[in-house]
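See structure below.
Coordinate-derived values only; no laboratory data. Because the structure is a prediction, the values reported are computed rather than measured. Here Cβ is always computed from backbone atoms with ideal geometry, including for glycine, and neighbour counts include all displayed protein chains.
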Amino acid sequence: MSLNRRDFLRGTAWMGAAALAAGCQMNRLGFGVGGTMQNFVYAKLKGRDIRVGFVGVGGRGTSAVNRIANIPGVKIVALCDRNPDRVAANLKALADRKYPVVPKGYVGDEKYKELCDFGDCDVIYCATPWHLHQPVALRALKGGKIALVEVTSALTTEECWELVEASEKERIPCMQLENCVYGEIELLELNLARLGKFGEINHAEGAYIHDLREVIPSVGQHYNTEWVWRYGENMKHKGNRYPTHGLVPLCQTMGINRGDRFDFLVSMESNSHNVNYEVFKKEFLKDDDPRKKDPPAAMGDMNTTLIRTVNGKSIMVQHDVSSPRPYSRINLISGTKGIVRDFPFQCAFEEKCFDRKAHAWFSDAQAAEVRRKFMHPMWRDVSELAKKVGGHGGMDFIMDLRWAYCLQNGLPLDMDVYDLAATSCLCELTETSVRNGSKPIAVPDFTRGNWRNVKPWGVVNVDLVKMGLLPGKVAADKAALNV
């Protein structure tokens, strides 16, 4: 019997959360108009300037403007934000650096719609609060624009399907801007995997563990600042609302949607002490702060999700933004020949079966040699330039260089709309699992079976000379974040 996904979601009450917990899949039968977007080449921008419009120029968006202003052949043509001061500040910063284009300004809550319909623009770069990521991306696709969307790019499974179907119908790429894919150790692990150094990968671990409690008292009255909406997400939701930093690099290395895919997940979380703790509220919130009267946060301090793939691999993903712990994405990949993890960097490998060389972590000197010998060629060639520009140790700039290089040279983008959907849907699915006693939840196959026909992501690079990008021609990103 044919199953219509929207009927499944909207019209069959008996197949609600209980059915999801039992493992029902919300899969769409057949591709949208035009077919799959995997390995899709958008050739319209090859050999000409790429015109970019920004939606959201707060902290993250401003940093992206600063970075992209360094890339030859990419022109910033528009800036959009609800706050006029942010648009004005970015316009002034571009003018001060004698940027050759004067971008068009859009100010207002709904002005992104006008930008997405603006004819003299090719790419919409979305760096808004989370709840606007999917609406902006969807409008961009329907307006004929490539959608580059910050993480997490959608918050429900239905939103993910809408982006998949729009990208397929319009024949336009939609890419999640997951910068951690381009970190040194993440790229190192990819290179090691492609060289066969892990053997058969059987397990991986990722996380977003970042103590953000200190920013909560400093929110002020600006309801559209990041920490207000992030705080609100934690108050209302369970599960993992920010899974991609730790997860997407693992997916790229393990070939998720490219030879394997997520099958189902189980999600569990601890109770919530750190934000709800009365001592914290007493010491860090002012007497008139309305949050002192807030009900307890729905989200537990630590969420742990286990994912099983169709090929039998396991992945653990964690989320904790309220515990007094050092920053970590864990970033662990384990296989039949060895293991690598980060924070701090450690590794161990066997040369032959059970030679016990991987019975303990390699020494610091041995680990440093692995890091040097197997450095990913893109990190080797671009990292010094990227570090000069800045942004999370340079990986932000490498990310932007790479999508620009792909569009300029008629190459598929490194991440497609199916990668976006498979990882972003965890926002809803992990919450569903937690609220149903940590029962297994099936993960939709957004590729509709085409994951069997696509090869894993390769060891890619950019040609700086071809791009006309030399070290002396870049400026530091003064708005760059370091963690």
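Assorted remarks:
- Charged neighbours of Pro471, selected by a Cβ distance under 11 Å, balance to +2 (K, R count +1; D, E count -1).
- The chain: relative contact order as a whole-number percent, Cα under 8 Å and 6+ apart: 24 percent
- Each distinct pair of alpha carbons in the chain adds a 1/r term; the inverse of their mean, the Kirkwood radius, is 23.3 Å.
- Lys-Lys pairs in the range 255-353 that are eight or more residues apart or on separate chains and whose Cα atoms lie under 25 Å of each other come to 7.
- Residue ranges 403-412, 468-477 sort as 403-412, 468-477 when ordered by packing (mean number of other C-beta atoms within 10 Å per residue, highest first).
- Of the peptides 192-205, 388-401, the ranking by mean beta-carbon count within 10 Å, highest at the top, reads 388-401, 192-205.
- Mean Cβ neighbour count within 10 Å, used as a protection proxy, ranking 94-102, 168-176 highest first: 168-176, 94-102
- Helix-only mean residue ellipticity at 222 nm for the chain, each DSSP H run of n ≥ 4 adding -39500 (n - 2.57), per residue, nearest 500: -10000 deg cm²/dmol
- Label-point separation in nm, Lys293 to Gln346, each point 7 Å along Cα→Cβ: 4.9 nm
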